[in-house]
Amino acid sequence: MELWVELPNGARIRLFGADRPDALRGMACHGLMADEYADWAEDVYQTILLPMLAATGGWAIFSGTPKGRNHFWEQREQAVRMPDNWHTELLPVSVTGLISADELSHLRATMSPEVYAQEFECSFVAPRSGSYWGEYVERARAAKRIGEFQHIPGAKVSMATDLGYTDSTACWYWQVMPEGYRVIDYDEFDSRPLDWWIRYWQAKGYEYDTIWLPHDARAKSFQTGKSVVEQCLDRDLPVRITPQLSVQDGIEAVRMEMPRWYMDQQNCALGISRLSNYRRQWNGKRKAYSDTPLHDENSHGGDAARYMALVQQHDPAQFAEEKPAAKGMDRHYQLDVLFEDRERYGQGGAASMG
């Protein structure tokens, strides 16, 4: 069923859901009204709609409720910097007066200050509801620990990654400073094989101290017969395994370590957004947040941040260094290795990116 209305001059206004972005392709679009833009997937406008508008010289309007400093906030910031091209308005209820003072007083009493600021005062600063680290990110901004903190040549770089094959892989890069950690870079790409990542890491030109892999990176891949660890060692990358602690331990580690992070605002822009929006899953039946993170586009960046913080919180010297298998031996068929993997991962084994 198509939802559209045709005007007397023959023009059509059509309604689409942004949850099916491929249905938007191929149209001759002369204007766009993007409602609740903060809830859209962040690449829909850039990869699908913007090229269509460019072809027709069309216009765009973005509206909605803030959801932290995500792509909606970035779009507004760009508009503010280009007043000749964009018109911007921020319409908090305290300015519009659309809701009575008595009703607002009742709402304040029944909502958290963060949710009230977001929903009624159009606050992009208020941490997203259920966010684990949104408040900590805003403290970092206020303390000027988000700014120009780029790579220092000659200083070694460490990296922590959350590997994925059918979905995103996220990587955080940092250098040790006397006062903490210089978080210099963040990468995130979808559906890239391990070989692509190895070549990408090497091409960045960093002198790596350690590349920290998730704990299941020792599992063998059916495609190659080797683990992620072995494939990295074969390419002379200095890899180790992140300490295997609980998700909650990692979340607390980020809270402990983030006050010592100095994050580059340009190279880490997407990663900082992931930190702000990594949040608890809402349990509709219990009307409460669960103890587990919501699995969405922020998950991999948030998980990689947990690994980074765990490494920083625990002395890396205590972790055993990963070493390549002895030459001439096929580790895939060594009985002691099979028993070792079974003990570590259980009978079901563990999957890895090949």
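Computed from the coordinates by the stated procedures, all read-outs in this text should not be read as laboratory data. Being a predicted model, the structure only gives us computed values, none of them experimental. Ideal geometry is used to build each Cβ from the backbone, glycine not excepted, and the neighbour counts take in all protein chains shown.
Available extension along the chain between Asp19 and Arg141 is 40.7 nm, counting 0.36 nm per residue and deducting the alpha carbon span.
The ranking of Val95, Val137 from fewest to most other beta carbons within 10 Å of each one's beta carbon is Val95, Val137.
Coupling constants for segment 83-95 follow from the phi torsions by the Karplus curve (6.51 cos²θ - 1.76 cosθ + 1.60, θ = phi - 60°), and in residue order they are x, 6, 9, 10, 10, 10, 9, 10, 10, x, 5, 5, 9 Hz; glycine and proline get x. Listed by chain and number, the aspartates and glutamates whose alpha-carbon sits under 14 Å from that of Lys156, ignoring those within fewer than 8 places in the same chain, are Asp185, Glu207, Asp209.
Between Glu119 and Ser290, the simple spin-label model (points 7 angstrom out along Cα→Cβ) gives 2.2 nm. Please list log₁₀ I(q)/I(0) at q = 0.09, 0.11 Å⁻¹ for segment 117-269, using the Debye equation with identical point scatterers on the alpha-carbon positions. The Cα Debye sum returns log10 ratios of -0.34, -0.51. Arranged by the count of other C-beta atoms within 10 angstrom, fewest first, what order do Leu91, Leu237 take? By the 10 Å Cβ count, ascending: Leu91, Leu237. Under 20 Å from a label point 7 Å along Cα→Cβ of Trp4: give me every residue in segment 38-74 with its amide N that close. Residues 48-61 fall inside that zone. Highest mean packing comes first when the peptides 174-183, 144-153, 78-87 are listed by Cβ atoms within 10 Å, giving 174-183, 144-153, 78-87. Here, segment 34-148 is characterised by an Rg to Rh ratio of 1.02, where Rg is the alpha-carbon radius of gyration and Rh the Kirkwood radius. Taking every DSSP beta bridge that has both ends in segment 3-81, the antiparallel portion is near 50%.
The alpha carbon convex hull volume per residue for segment 128-217 rounds to 135 Å³. Remark: relative contact order (segment 89-226) = 17 percent; criterion is Cα-Cα distance under 8 angstrom and separation of 6 or more residues.
Full extension of the chain between Leu98 and Glu148 gives 13.9 nm of extra length, using 0.36 nm per residue less the Cα-Cα distance.
Note on segment 3-81: the alpha carbon radius of gyration divided by the globular reference 2.2 N^0.38 Å gives 1.14.
Between the beta carbons of Asp209 and Asp167, assuming R0 = 35 Å, the FRET efficiency works out to 0.80 to the nearest 0.05. Under 12 Å of direct C-alpha separation, and excluding same-chain neighbours fewer than eight residues apart, Lys226 reaches these aspartates and glutamates: Asp234, Asp330. Annotation: peptides 41-53, 266-278, 101-113, ranked by per-residue average of other Cβ atoms within 10 Å with the highest first, follow the order 266-278, 41-53, 101-113. Note on Ile184, Ile241, Ile99: ascending count of other Cβ atoms within 10 Å places them as Ile99, Ile241, Ile184, the fewest first.
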